[in-house]
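The values are calculated or read from the model by the stated rules, or taken from the named source; none is laboratory data. This structure is a prediction, so every number in the text was calculated from the model and none was measured. Neighbour counts are summed over all protein chains in view; Cβ atoms, including those assigned to glycine, are modelled from backbone coordinates with ideal geometry. Note: areas computed on protein heavy atoms with side chains; ligands, DNA, RNA excluded. Shrake-Rupley method; radii C 1.70, N 1.55, O 1.52, S 1.80 Å.
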Amino acid sequence: MRNKGKSVDFITLGCSKNLVDTERVMRQLQVAGFTVTADPEQPHAPIAIINTCGFIGDAKEESIRTILQFCERKKQGKLQRLYVMGCLSQRYFEELQTEIPEVDRFYGKFDFEKVVKELGSMWHSECNHERVLTTPAHYAYVKIAEGCNRTCSYCAIPIITGAYKSRPIEEIIDEVKWLVSEGVSEFQLIAQDLSWYGTDLYKTNRLADLVRSISDVPGVHWIRLHYAYPTSVTPELLDVMRERDNVCKYLDIALQHISDSMLKKMRRGVNKQGTYDLIARLRREVPGICLRTTLMVGHPGETEQDFEELVTFVKDVRFDRMGAFAYSDEENTYAATHYTDDVPDEVKHQRLSTLMAVQQKISDELNRQWVGREEEIVIDRLEGDYYVGRSQYDSPEVDLEWLVKADEALQTGRYYKARVISAAEFDLYAEIVKE
Ligand code: SF4
């Protein structure tokens, strides 16, 4: 334990996939005797590691801002060593090294072992499936694959992460079993593209098999699926979702747009009719399924009529959860090299707020329909006078929260039956049902 007393602050930006990478490196340094802290309010350690995001404009700016903040701490003598890893440094490695020499070393997205070696330790492969959880102790993200083989016009992720690489089912099951032994009961399955799982490693789609295997692990209470792709949702997957009680009736599936011309320009490999048919199939095969989607406005070539089709689509489908963002021109993407970013920024932002306003009205109506309904929820935390929880239809950080008045002591991480007594914009007020 020669690193006893040495400490490292980790700052993680971007998505839950980055968070899993941070948690793995934290565990490796912890095994080596370091004290590791995630996203400290008050950074204090002599060593800092920033895990960056390099997906789109805003995320890149935030990563740069954070790096410069820590460079400032170094100038002030509050920090001895600063390291940067993740998507931004993978994507702009040379430029960053030249432009920000205050950083001791930049690493690529998957240089985890190099980071650990830099701090004088070795990679402990026997701890490969172990992590330092930075989420509340009862839930964890499980990354089932890296990379992406899709060719979406606007997306830089395949440039950053490379080709799709599924993790072997056995390795994922080992990780889930280890997490259960650490007290985790809720699992968010994530990848850049969940529904391509197995196609590379097993030459066939094995997502349904993987979900069934995780569902068989004792102690797994909820499994929630994120980042599905519209052209690879197999009948077998929907069967598992319908048949298994511990597989949440929830699917996060980014659809991006609906007009045929936009879906073609975006190179999504699906058309308007195919998208409507998919949603009908999801709701038919998994009754009561909660659908989360992500849509994009302002992609090159988007006409007013394309946008009207998108608004109609959102009104027709009435998604339970929806996020949207405006196109940003990302260099070296297909769109940036083949199209002109011809939708003015003000039009992009106008369309974005119009779309979100349509969805907000739908969310309000759907939330009100919950009043009087009973559902199992998990308690995430106590916040002021309320316990904050979620149902199987609510993913952490992004979806609805259930607020239960703290009249009686409830346990964090435990599941309770609750009845909705009123609905607000982003929350449901509920009471515990006495069994
Ligand atoms: S599926 Fe498309 S949008 Fe998602 S990571 Fe892959 S290329 Fe990007």
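Some points to look at:
- Within the span defined as region 325-336, one or more residues are part of a strand (DSSP E or B) and in the same structural domain as Arg150 (by TED's automatic domain parsing).
- Taking (1) more than 15 Å from the ligand (Cβ to nearest atom); (2) touching a Pro at 6+ places or on another chain (Cβ under 6 Å) in turn, Thr303 satisfies each apart from (2).
- Any hit, region 217-236, residues being closer than 29 Å to His138 by Cβ, more than 16 Å from the ligand (Cβ to nearest atom), assigned by TED's automatic domain parsing to the domain that holds Asp329 and part of a helix (DSSP H, G or I): yes
- Residues of region 245-257 that are away from the ligand (no atom under 16 Å from the Cβ) and either out of contact with any strand residue (DSSP E or B) (no Cβ under 8 Å at 6 or more places or on another chain) or under 20 Å from Lys348 (Cα atoms) (or both): Asp245 alone.
- Residue in region 79-86 that is under 20 Å from the mean Cα position of the chain (by Cα), over 30 Å from Arg414 (Cα atoms), open to solvent by 10 Å² or more (accessible area, probe 1.4 Å) and within 16 Å of the ligand (Cβ to nearest atom) present: no
- Qualifying position, being surrounded by fewer than 20 Cβ atoms within 10 Å (Cβ to Cβ) and polar (S, T, N, Q), among Gln392, Gln369: Gln369
- Qualifying positions in region 143-180 - in contact with an Asp or Glu (Cβ under 7 Å, 6 or more places away or on another chain), within 14 Å of the ligand (Cβ to nearest atom) and open to solvent by 30 Å² or more (accessible area, probe 1.4 Å): Arg150, Lys165
- Cβ-Cβ contacts under 6 Å between residues 6 or more apart (or on different chains), taken from a first residue in region 347-376 that is within 18 Å of Val317 (Cβ to Cβ) to a second residue that is charged (D, E, K, R) and open to solvent by 50 Å² or more (accessible area, probe 1.4 Å), are listed as Ile362/Arg318.
- Contact map, region 328-343: residues that are of a type outside the set (Asp, Glu) paired with residues that are surrounded by fewer than 17 Cβ atoms within 10 Å (Cβ to Cβ), Cβ distance under 6 Å, separation 6+ or inter-chain. Pairs shown: Ser328/Gly57; Asn332/Ile159; Ala336/Asp329.
- The set of residues in region 7-45 that are open to solvent by less than 30 Å² (accessible area, probe 1.4 Å) and part of a helix (DSSP H, G or I) comprises Ser16, Lys17, Asn18, Val20, Asp21, Thr22, Glu23, Val25, Met26, Gln28, Leu29.
- Against the numbered list (1) in contact with a helix residue (DSSP H, G or I) (Cβ under 7 Å, 6 or more places away or on another chain); (2) among the polar types (S, T, N, Q); (3) within 26 Å of Phe110 (Cα to Cα), Thr234 comes up short only at (3).
- Selection from region 270-292 of residues that are out of contact with any helix residue (DSSP H, G or I) (no Cβ under 8 Å at 6 or more places or on another chain) and surrounded by 21 or more Cβ atoms within 10 Å (Cβ to Cβ): Cys290, Arg292
- Of the residues Arg65, Arg73, the single one that is open to solvent by 10 Å² or more (accessible area, probe 1.4 Å) and either on the phi > 0 side of the Ramachandran plot or more than 25 Å from the chain's Cα centre (by Cα) (or both) is Arg73.
- Residues of region 381-401 satisfying the condition of being of a type in the set (D, E, K, R) and part of a strand (DSSP E or B): Arg381, Glu383, Arg390, Glu401
- Index of the failed condition, Thr199 passing every other in (1) among the β-branched types (Val, Ile, Thr); (2) open to solvent by 10 Å² or more (accessible area, probe 1.4 Å); (3) assigned to a helix (DSSP H, G or I): (3)
- Among residues of region 225-239 that are under 17 Å from Ile258 (Cα atoms), those with a beta-carbon under 7 Å from a residue that is within 16 Å of the ligand (Cβ to nearest atom) and among the charged types (D, E, K, R) at least six positions away or on a different chain give the pairs Ala228/Asp252; Tyr229/Arg150; Tyr229/Asp193.
- Set Tyr229, Tyr250: member being in contact with a Lys or Arg (Cβ under 7 Å, 6 or more places away or on another chain) and crowded, with 23+ Cβ neighbours inside 10 Å: Tyr250
- Test: residue in region 352-359 that is touching an Asp or Glu at 6+ places or on another chain (Cβ under 8 Å), in the same structural domain as Glu236 (by TED's automatic domain parsing), surrounded by fewer than 18 Cβ atoms within 10 Å (Cβ to Cβ) and not charged (D, E, K, R): no
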